[in-house]
Amino acid sequence: MSTVTTIALVMLAMAGALTLLRILRGPATLDRIAALDVLVVLIVAATATQLAGHGLWWYLPVIAAVSLLGFVGSVTAVRLATRREQHR
């Protein structure tokens, strides 16, 4: 693993730690949902970094699947949260 790959993964890990902090301390449900979406993006970015660093091209479908699941999950969670707010 190259130095650049290692530095990128460390930076992604630090961003993930800050995102987890936002998930735990988020004042509103929508803040937590946005933080979960950012966490999914960070996981995809870390997987893509591993893919580029090691040449593991079979990770590409995994990246696509996790990205799609993260997007659909975020949209669904936001729709549920807005419906819950409308009924209050």
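Side notes on the structure shown:
- Selected residue (criterion: modelled with the lowest pLDDT) from residues of the range 55-88 that are of a type outside the set (A, V, I, L, M), assigned to a helix (DSSP H, G or I) and farther than 19 Å from Leu30 by Cα: Tyr59
- For Ala45, the requirement of being over 17 Å from Leu12 (Cα atoms) and either of a type outside the set (Val, Ile, Thr) or modelled with pLDDT of 90 or more (or both) is not met.
- Residue within the range 19-37 that is exposed (fewer than 12 other Cβ atoms within 10 Å of the Cβ) and not in a helix (DSSP H, G or I) present: yes
- Those residues of the range 52-83 which are of a type outside the set (A, V, I, L, M, F, W, C) and in contact (Cβ under 8 Å) with a residue 24 or more places away in the chain, in sequence order: Gly53, His54, Ser67, Gly70, Gly73, Ser74
- Scan of the range 12-33 for residues that are within 14 Å of the chain's Cα centre (by Cα) and of a type in the set (A, V, I, L, M, F, W, C), ordered by number: Leu12, Ala13, Met14, Ala15, Ala17, Leu18, Leu20, Leu21, Ile23, Ile33
The values are calculated or read from the model by the stated rules, or taken from the named source; none is laboratory data. Predicted, not measured: the structure shown is a model, and the values here were computed from it. Positions of Cβ are generated from backbone atoms using ideal geometry, with glycine treated the same way; all protein chains shown enter the neighbour counts.
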